[in-house]
Amino acid sequence: MVRGRSGVNHPLPPMFTPISVRKPHLKNRVICSPMATYMAQDGLPNDFHLVHLAARAMGGAAMVVAEMTCVSPMRGLRRAAPACGMTRQMNAWKRVVDFVHTHTDAKIAFQLGMPDAKAPPDRDGTPLISPFKPAIGL
Ligand SMILES: Cc1cc2nc3c(=O)[nH]c(=O)nc-3n(C[C@H](O)[C@H](O)[C@H](O)COP(=O)(O)O)c2cc1C
């Protein structure tokens, strides 16, 4: 129950009730969806990403999902998107994840960006990394 301004008690809105999604137990149902910011350099998440994600985590979201993150380090290099294909990129993510885990009780995830079989063919020397083989010769 939550006490309203009028002094009347109301049931807790479902949004603020806990939920388990398989293993992770979320303290509420407020999940910050991934938002591409294109603020990475060399595919490295930086202070911008730390503040962007940690602010929402500190603000009470049960989970924050970092923006589309390239599995190919080179894709991240080109488009100012963060990447996770190099050790130094993963170390930069670890800094963000450790901060969120140390200072908040939120969960943190990132969205893997994979071009899939629908991706355009390699035009600029960046190899296509995909779990799927194109059914037709792209
Ligand atoms: C600035 C911005 C960047 C976004 N970037 C991503 C992204 O990287 N990956 C994704 O799946 N969705 C992205 N979205 C979509 C959001 O995650 C969300 O699904 C969308 O805004 C709909 O939610 P809403 O109705 O609460 O705004 C982005 C949205 C915004 C506004």
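Structural remarks
- Of everything listed in (1) out of contact with any Lys or Arg (no Cβ under 9 Å at 6 or more places or on another chain); (2) modelled with pLDDT of 90 or more; (3) within 16 Å of the ligand (Cβ to nearest atom), the single unmet condition for GLN89 is (3).
- Yes/no for THR37 being in contact with a Pro (Cβ under 6 Å, 6 or more places away or on another chain) and of a type in the set (S, T, N, Q): no
- One residue alone among GLY7, GLY59 is away from the ligand (no atom under 16 Å from the Cβ) and out of contact with any strand residue (DSSP E or B) (no Cβ under 7 Å at 6 or more places or on another chain), and that residue is GLY7.
- Being within 16 Å of the ligand (Cβ to nearest atom), in contact (Cβ under 8 Å) with a residue 24 or more places away in the chain and touching a Phe, Trp or Tyr at 6+ places or on another chain (Cβ under 6 Å) is a description that applies to PRO45.
- If you go through segment 38-64 and keep only what is of a type outside the set (A, V, I, L, M, F, W, C) and at pLDDT 95 or above, you end up with PRO45, ASN46, ASP47, HIS49, HIS52, ARG56, GLY59, GLY60.
- Given (1) in contact (Cβ under 8 Å) with a residue 60 or more places away in the chain; (2) away from the ligand (no atom under 16 Å from the Cβ), number of the condition PRO34 does not satisfy: (2)
- Those helices (runs of 4 or more DSSP H) lying entirely in segment 1-117 with at least 2 residues surrounded by 12 or more Cβ atoms within 10 Å (Cβ to Cβ) and among the aromatic types (Phe, Trp, Tyr): 87-103
The values are calculated or read from the model by the stated rules, or taken from the named source; none is laboratory data. Every value quoted in this text rests on a predicted model; they were computed, and no experiment measured them. Using ideal geometry, Cβ is built from the backbone for each residue, glycine included, and neighbour counts are taken over all protein chains shown.
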